[in-house]
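Enquirer: Below is the structure I would like to discuss, written out as structure tokens.
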Amino acid sequence: VTTHMLDGAEASERGGATGRTWKGGVFSPSDGTADPSRAAPAVARAILKLGGTVHQNCAARSIETEGGRLSGVVTESGTIRTKVAVMAGGAWASSFCRQFGFRFPQASIRSSILSVSPGAEGLPDALHTARISATRRGDGGYTLAISGRGRVDVTPQQLRFSSQFLPMFLKRWRSLAPGGLQGVRSGHETLQRWRLDQPTPMERMRILDPAPDRATIRLTHARALELLPDLRKTKISAAWAGYIDSTPDGVPAIGEIDSVAGFFLAAGFSGHGFGIGPGAGHLVADLVTGSEPIVDPTSYDPRRFEASAWGKVADF
């Protein structure tokens with residue numbers, strides 16, 4: 001990605017829609033934005049085109065092993081025989097891995113976002129500041145968010161891994177706040193073991209769709225109007241939330257686990273999954289096929305969580 005460091009005059013010109021004077025900034029002309037609602041179907045179509053299959057509304061309940069190696073994935077529709085599987089289940093990853101004894105420390109952060117209708121003029125396609133981020137949507141409206149801001153919904157899993165996440169929570173105390181019981185009700189961070197011949201929490205909660213935090217939505221909208229006055233011509237069109245699956249150090253867990261040969265983990269992307277997904281997918285494919293990795297996978301090894309995260313938390 002081509003990136004330019006801007007001095008005060010250049011940043012103020014690029015950020016002219018704010019009506020403010022800036023000390024500096026960064027401009028990435030070859031960077032881009034994407035809409036998840038369009039990207040996900042495009043990925044599915046690409047899989048089908050290459051001869052793969054996509055199974056919707058079919059929960060993977062657990063795995064089967066033979067001699068310490070993966071032999072199948074148990075789904076609600078039956079068992080798929082395979083020697084290799086990748087767990088890329090986001091916020092469900094830890095509870096899934098717990099079913100066969102693998103400990104994966106994971107915490108879900110509830111992030112709330114809103115969109116506004118088209119109508120604002122002269123705004124950049126994307127603008128990010130410490131207080132607010134705005135990204136143009138395909139319909140001409142904007143998606144607004146406060147980067148890193150979220151609620152921590154207390155769950156049994158959160159309590160279980162609390163000591164490992166203490167460094168991250170202390171580093172992010174200004175942007176994280178206690179949440180409610182949505183995480184308990186959704187069941188994605190349950191500590192229970194489930195039977196493979198009965199419906200699991202994943203089947204009772206097909207789509208993990210938590211309610212947005214209204215206080216965060218109000219604050220986000222107010223900050224956006226303050227920074228970009230032309231947004232006053234628009235109206236809030238939608239507000240939603242999602243669980244960001246985080247690791248103790250804020251870095252994804254990508255790699256094969258020691259206890260089950262053939263089982264690969266790709267989770268804990270800590271809010272960066274959509275952006276680095278293509279590169280992460282390339283790395284996962286390399287590891288699964290035994291090819292030369294596109295990057296050194298050492299820093300993503302799931303085994304690193306056996307050590308403390310003090311002094312290792314990524315910047316957000």
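FYI, it's all coordinate maths here, none of it is from the lab. Just so it is clear, the structure is predicted and the values come from calculations on it, not from any experiment. Counting neighbours? That spans all protein chains shown, and the Cβs are built from the backbone with ideal geometry, glycine included.
Enquirer: Quick one: if you stick a label point 7 Å off each Cα along the C-beta vector at SER37 and MET5, how many nm between them?
Expert: 4.0
Enquirer: Still on this structure, I have one more. Please report the equivalent ellipsoid semi-axes of the range 167-316, computed as sqrt(5 x eigenvalue) of the Cα gyration tensor, largest first, in whole Å.
Expert: On the way: eigenvalues 209, 99, 59 Å².
Those come to 32, 22, 17 Å.
Enquirer: Which of the GluC sites (Glu not before Pro) across the range 117-207 are loop residues per DSSP, with 16 or fewer other Cβ within 10 Å? Before the final figure, lay out each step's value.
Expert: Details: sites: GLU121, GLU189, GLU203; in loops: GLU121, GLU189.
Sparse-neighbourhood loop GluC sites (Glu not before Pro): GLU121.
Enquirer: Decide, for the range 199-257, between rounded, prolate and oblate: order the square roots of the alpha carbon gyration tensor eigenvalues as a ≥ b ≥ c, take rounded if a/c falls under 1.5, and otherwise choose prolate if a/b is larger than b/c, else oblate.
Expert: Cα axes put the range 199-257 in the oblate bin.
Enquirer: What lysines sit close enough to LYS49 to cross-link, taking a C-alpha to C-alpha distance under 26 Å and skipping anything fewer than 8 places away on the same chain?
Expert: LYS83
Enquirer: On a C-alpha basis, how far is the centre of the range 71-102 from the centre of the range 156-215 in Å? Whole number, if you could?
Expert: So the two Cα centres are separated by 19 Å.
Enquirer: Can you work out the FRET efficiency for the pair GLU306 and VAL84, with r the C-beta to C-beta distance and R0 = 35 Å, to the nearest 0.05? Spell out each step's value before the answer.
Expert: Numbers: r = 24 Å, r/R0 = 0.68.
About 0.90, to the nearest 0.05.
Enquirer: Given a Förster distance of 22 Å, report the FRET efficiency between GLU64 and ARG103 from their Cβ-Cβ distance, rounded to the nearest 0.05.
Expert: The computed FRET efficiency comes out at 0.65.
Enquirer: Could you check the simple spin-label distance between ARG137 and SER291, using points 7 Å along Cα→Cβ, in nm with one decimal?
Expert: In this crude spin-label approximation the distance works out to 3.6 nm.
Enquirer: In addition: If you take the beta carbon distance between LYS235 and VAL26 as r and set R0 to 35 Å, what does 1/(1 + (r/R0)^6) give as a FRET efficiency, to the nearest 0.05? Before the final figure, lay out the partial values.
Expert: On the way: r = 31 Å, r/R0 = 0.88.
E(calc), rounded to 0.05, equals 0.70.
Enquirer: Next question. Simple spin-label model, 7 Å along Cα-to-Cβ: ARG174 to LEU225 in nm?
Expert: About 2.5 nm separates the two model spin labels.
Enquirer: Another one. State the percent of C-alpha pairs, over all pairs in the range 95-176, separated by a distance greater than 17 angstrom.
Expert: Within the range 95-176, distances greater than 17 Å cover 60 percent of Cα pairs.
Enquirer: Then there's this: If packing is taken as the average number of other Cβ atoms within 10 Å across a peptide's residues, how do 16-27, 131-142 rank, most packed first?
Expert: On the way: 16-27: 13.8, 131-142: 17.8.
Going from most to least packed, we get 131-142, 16-27.
Enquirer: When the helix-only estimate is applied to the chain (DSSP H runs of n ≥ 4, each -39,500 (n - 2.57), divided by the residue count), what is the mean residue ellipticity at 222 nm, nearest 500 deg cm²/dmol? Walk me through the intermediate numbers first.
Expert: Numbers: 9 runs with 82 residues, N = 316.
Here the helix-only value at 222 nm equals -7500 deg cm²/dmol.
Enquirer: Projected area of the range 56-306, taken from the Cα convex hull and averaged over every viewing direction, in nm²? Before the final figure, lay out each step's value.
Expert: Numbers: hull surface 58.7 nm².
Computed as one quarter of the Cα hull surface, the answer is 14.7 nm².
Enquirer: If you don't mind, another one. Roughly speaking, what is the centre-to-centre gap between the range 261-286 and the range 112-151 when only Cα atoms are used, to the nearest Å?
Expert: 26
Enquirer: Let me ask something else. Using only the Cα atoms of the range 1-63, what semi-axes does the equivalent ellipsoid have when each is the square root of 5 times a gyration tensor eigenvalue? Give whole Å, largest first. Numbers along the way, then the final one.
Expert: Working: eigenvalues 384, 37, 25 Å².
Semi-axes from the Cα gyration tensor: 44, 14, 11 Å.
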